[in-house]
1. Using a 1.4 angstrom probe on heavy atoms only, work out the carbon and sulfur share of the accessible area of the chain in %.
2. If contacts are Cα pairs under 8 angstrom and at least 6 residues apart, what is the relative contact order of the chain in percent?
3. Shape call for the range 59-159 from the C-alpha gyration tensor, a ≥ b ≥ c root eigenvalues: rounded (a/c under 1.5), prolate (a/b greater than b/c) or oblate?
4. Can you tell me which aspartates and glutamates have their Cα less than 16 Å from the Cα of K223? Leave out same-chain residues fewer than eight positions away.
5. Over the chain, with the other protein chains present, what is the accessible area per residue in square angstrom, probe 1.4 angstrom?
6. Express the C-alpha Rg of the range 226-280 as a ratio against the empirical globular expectation 2.2 N^0.38 Å, rounded to two decimals.
7. In degrees from 0 to 90, rounded to the nearest 10, what is the angle of the helix 98-122 Cα long axis to the longest principal axis of the chain?
8. Based on Cα positions only, what radius of gyration and what Dmax would you give for the chain, in angstroms?
Amino acid sequence: MKALPLLPLFLLLSSAALAQAPKPAPAVPAAPAAPAGYDCLIEPNQRIEIRSPANALIDKVLVERGSQVRAGDTLVLLDGSVEREALAGAQQRAESESELRVARARADYAREKFRRREDLREQNYITAQDRDEAQAELRVAEAELALAVDNRRLAGIESQRLNAVLRQRALRAPFNGVVTDRLQHPGELAFTGEGSRPILKMAQTNPLRVEVVLPVGLMGQIKAGRAAEITPESPLKGAWRAQIKVVDSVFDSASGSFGVRLELPNPNGDIPAGVRCKVRFL
């Protein structure tokens, strides 16, 4: 019997083995990885401009750019010399009783004079005209007394108004924060109004606010009160816990996103504002 060639026999056996081998299961696509975080921005809670409430000369500026201030600290002193002199005069008029005593004396004299003239008229010693003149003098004296009382009361009101004006000559910090810019100096004239140049600019750094824009698909998962972890961009290090305060209910249809604001405590001022970051919701 003739022997079969070795190569065709090997190929025949290999084909049979491959046909009997089990086929591998189809590959399952891997689930997309959860994002490491969403881009965000740490900003001051609020920024304000310190302006003068009236046109006045700047007397002193007590802070510089970068100064840390607390609520109620005096930042700027405006010239109030005119108001102080007017206040002294108003207080003098409000406390003085000279005009009031003179008016009372005249009213008492006119009252007594009218009483005597009335008695004399009843006895027909004087004419009715003399009695009427005494009565008119009494009415004038009583009106002058009422006017003196009103003038003293108005002087007290004017004193309170000037005190309020003088308090406005000291510009104070409305919150704890930092002075971000100083735009005017002593000797310059500060003007009032929105179009006027501010004297100082301030930012509130405790708490800070974190702004983040999220895809619409996360709506319903993100709710006010939920905690989050904030990680700043390099070279800053650390991670801080914040809390969601505002979730926008109006979407941006162009980008398919909505805004979220978080509150980040910063009691020691260690966290800088104006820093890009990543937020991860817990």
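1. 54 percent
2. Working: 462 pairs, mean separation 81.0, N = 282.
29 percent.
3. prolate
4. Those aspartates and glutamates meeting the cut-off are E211, D248, E263.
5. For the chain, the solvent-accessible area averages 66 Å² per residue.
6. Dividing the Cα Rg of the range 226-280 by 2.2 N^0.38 Å gives 1.29.
7. 40 degrees
8. Final numbers for Rg and Dmax: 43.1, 184 Å.
The values are calculated or read from the model by the stated rules, or taken from the named source; none is laboratory data. In this text, all values refer to a predicted model and were calculated from it rather than measured experimentally. Methodologically, a virtual Cβ is constructed for each residue, glycine included, from the backbone with ideal geometry; neighbour enumeration extends over all protein chains shown. Keep in mind that these areas ignore ligands, DNA and RNA; they rest on the heavy atoms of the full protein, side chains included. Shrake-Rupley method; radii C 1.70, N 1.55, O 1.52, S 1.80 Å.
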